[in-house]
Amino acid sequence: MTASSQPAIAPGSLHAFFGPGGLLARTHPAYEFRRGQLQMAEAVARALKEGRHLIVEAGTGTGKTLAYLVPVLRSGKRVIISTGTKTLQEQLFFKDIPFLERALFPKGEGNLRVCYMKGRNNYLCRQKLYDIAAQPALAGLDEIEHLRLIAEWEKTTTTGDRAELVSMSEDSPLWPRIDARSEACTGQKCKQFERCFITEMHRRAAESDIIIVNHHLFFADLAIKQAADGAPDAGILPEAAAVIFDEAHELEEVASSYFGVSVSNLRFDQLVRDVENTLRIKAIASAAAHTAGAHLRERSQLFFSLVPAGEGRFAFENRREFLEENGDEYLALGNALGRLASELQRIPEKPEEVHNLIRRTEELRVQLGFLLESQDRNTVFWIERRMEGRRREGRPSHVFLQATPIDVSQILRQTLFENEDFGTAVLTSATLAVSGGFDYIRARLGVENARELVVPSHFDYERQAILYVPPDLPDPRTPQFARLAAGRIRRLLEITEGRAFCLFTSYAQMRDIHHRLEGELAYPTLLQGTAPKNALLEEFRLTPNAVLFATASFWQGVDVQGEQLSCVIIDRLPFAVPNDPVVAARIRAIDEAGGNAFAQYQVPAAVITLKQGFGRLIRSLDDRGVLCLLDNRILKKSYGRVFLGSLPSYQQTTELAQVEKFFGQNFGRRG
């Protein structure tokens, strides 16, 4: 920070900031002294000062964002803050940072140097926009209208962030053709480099003391830097002395996706489409390149039609047999990639865009080879089929060949936790501990030599919430469960008068129980998938006594305060699907190494997910409500003690009468 922008938070003054009568008490309208917030702030300050790693579970209501932001500002170091979602990024940048700025500089005599960064595909590429406007090849009135809208916006925007285009639909087919993703970026050779929104974002980051990103951007950048083997211009994030991971329980899955490899028929289609568009826009007459592109498209369609059949995600266990049977088609696809690269290479006086296409072609060839031929023992190879949009008869799905690290701990240990570029890494979330400890998260992420802290929640869970587990329902894996569970859900919703999230571990279960209750409930019902997530949440907030039926995406990162959400019902213990290819590979690896995958991996992962789901209910000191787990294995199985020992100290009951009594005492009955 510059001298003029350094906030006046003297060393040793964290109590003077967070304590009773302190700066926070004088400036925050809803201030309450939270001992855990001060404890966390002191732990973060110590970690930053000593260059040590820190793992902190900070229960909901702790105020953890200020607990790490204030020590970060005191440190005078450049710090990256990585969040689980763009929503949390926006809260930090547009709410928490401005609040601190007003508190620390009440007379406006200074400012905090903070940058907010998202992935490149969130930003407009000016050169692409100008190219497509000069030679439009648009499909339909929507794209014409979107082009007009974007062209007008480009003249006034200072960030190029598509989030500013509130009137343009999220699924605009035009945006991917003009965004700033790296595949088509020509860097300093671009005519618009100095005016580029990515260039400006880099400048802001280089001048900032706090850089706010999300986990996807952080690990994409880390993977690029690892692949570039320390090249100075690799990646987009500047060097920083420390990184704070908020919502750190998500790190393993996000890191796994970015240190893996994915090749799809969609990527081949996009490459050929970009070749054709580039040749047209740059007025390059190369019939041979056009022909090579068309040939690659045909070879790709044939090759992916031979990929083993299956729905969703499934293991690609028979790669050797697949190559033996389809080796000619695999070689033909590789040769088609080589032919396209050669024809592009022959173009005289190639613009930088063509060099990019050659690089992408070679990258695709190498990655395809890894997916089909690699024998890496720490990698699981699998296939995924996705449907984009509404399925039409005869329309092929998108087929993805995937390679994912089975264990990312060694990768993260080398690239992050033992990387001298990051002196301190702070991992925090409301859900990191299992049975009060961090053994699980340490093992999965490769965190060693880290201090630990569990900060008790500011909430009085025993007074605010009751956990009901029905002892009489059958095992959720039995056929009769759905019918009996639907009846119990109906009874609970009658007690709570709706106002509930019904959260499920599968879409099939969600749809089944919603169908059984449709027309039987006296309350408005909302179903995930019938509208975008944000629209459903807003409708839930605005609709009295609403009931939302939802799955995984509503288990975390959702905040509904007050009586509107007074009940959370979860169908079963959220164990990951054991035959998912990545989960199965991790289970097998732990067991083969002499461990116990169920105790070391499956149970702890499910504990953290359950804590996330139940965490939707109590979001403030004034919230009250009922939690229900319809899966009584938590009471009957020995591993249930791990779940119960990891949850907050809710009241617990197996009697519906106790639920009704609790609800009546806290809410009364409505006339």
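What follows draws every value from the coordinates through simple rules; no lab data is involved. Quick caveat: nothing in here was measured; it's all calculated off a predicted structure. Note that we place each Cβ from the backbone using ideal geometry, even for glycine, and neighbour counts take in every protein chain shown.
With the contact rule set at Cα under 8 Å and sequence spacing of 6 or more, what percent relative contact order holds for the chain?
16 percent
So for 245, 370, fewest C-beta neighbours within 10 Å to most, what's the order?
Ranked by crowding around the Cβ, least crowded first: 370, 245.
In whole angstrom, how far apart do the alpha carbon centroids of the range 604-635 and the range 286-350 sit?
The range 604-635 and the range 286-350 have Cα centres separated by 48 Å.
Mind ranking 534-540, 578-584 by how tightly packed they are, going by the mean number of other C-beta atoms within 10 angstrom, highest first?
Descending mean neighbour count gives 578-584, 534-540.
Applying a 10 Å radius around every beta-carbon, put 659-667, 549-557 in order of their mean neighbour count, most first.
Top to bottom by mean Cβ count within 10 Å: 549-557, 659-667.
Using only Cα atoms, locate the centre of the range 90-167 and the centre of the range 462-497, then give the distance between them in Å, rounded to an integer.
46 Å
Could you work out the local net charge near residue 488, counting Lys and Arg as +1, Asp and Glu as -1, over the other residues with Cβ closer than 14 Å to its Cβ?
Local charge sum for residue 488: -2.
Which three numbers, in whole Å and largest first, are the semi-axes of the equivalent ellipsoid of the range 513-631 derived from its Cα gyration tensor as √(5λ)?
Values for the range 513-631, descending: 32, 16, 13 Å.
Could the peptides 428-438, 195-205, 603-613 be put in order, highest first, of the mean number of other beta-carbon atoms found within 10 Å of their residues?
603-613, 428-438, 195-205
Could you compute the net charge surrounding residue 634? Neighbours are other residues with a C-beta less than 11 Å from the C-beta of residue 634; K and R count +1, D and E count -1.
+4
Find which of 502, 612, 522 sits farthest along the positive direction of the dipole of the range 461-667, computed with +1 on the beta-carbon of Lys and Arg, -1 on that of Asp and Glu, about the Cα centre.
612
Express as a percent, rounded to the nearest 5, the fraction of DSSP beta bridges in the chain (both residues included) that run antiparallel.
In the chain, approximately 25 percent of DSSP beta bridges are antiparallel ones.
Within a 10 angstrom radius of the beta carbon, how do 64, 86, 107 rank from fewest other beta carbons to most?
In increasing order of surrounding Cβ atoms, one gets 107, 86, 64.
Positive end of the dipole of the range 517-671, charges at C-beta (+1 Lys, Arg; -1 Asp, Glu), about the Cα centre: which of 553, 531, 598 has its Cα farthest in that direction?
598
Does the range 122-196 come out rounded, prolate or oblate, given a ≥ b ≥ c as the square roots of the eigenvalues of its C-alpha gyration tensor, rounded meaning a/c under 1.5 and, failing that, prolate meaning a/b above b/c?
It comes out prolate by the Cα gyration axes.
In whole Å, largest first, what are the principal axis extents of the Cα atoms in the chain?
80, 67, 56
Read phi for every residue in the range 50-55 and hand back ³J(HN,Hα) as whole Hz from Karplus 6.51 cos²θ - 1.76 cosθ + 1.60, θ = phi - 60°, with x for Gly and Pro.
The phi angles translate into 8, x, 10, 7, 9, 10 Hz.
Looking at the range 427-514, which trypsin sites (Lys or Arg not before Pro) are in a loop (DSSP not H, G, I, E or B) and have at most 16 other Cβ atoms within 10 Å?
Those satisfying the criteria are 477.
Give, rounded to the nearest 20 debye, the magnitude of the charge dipole that the range 180-265 has about its Cα centre when Lys and Arg contribute +1 at Cβ and Asp and Glu contribute -1 at Cβ.
The calculated dipole for the range 180-265 is roughly 560 debye.
Where does the charge balance sit around residue 96 when Lys and Arg score +1, Asp and Glu -1, over other residues with C-beta under 12 Å from its C-beta?
Net charge in that neighbourhood comes out at 0.
At q = 0.11 Å⁻¹, work out log10 I(q)/I(0) for the range 461-667 with the Debye formula, treating every Cα as an identical point scatterer and leaving solvent out; two decimals please.
Each listed q maps to, in turn, -0.50.
How would you classify the range 387-489 from its alpha-carbon gyration tensor, with a ≥ b ≥ c the square roots of the eigenvalues: rounded for a/c under 1.5, else prolate if a/b is greater than b/c, otherwise oblate?
Verdict is oblate for the range 387-489.
Taking the beta-carbon count within 10 Å as an exposure proxy, list 68, 461, 31 from fewest neighbours to most.
31, 461, 68
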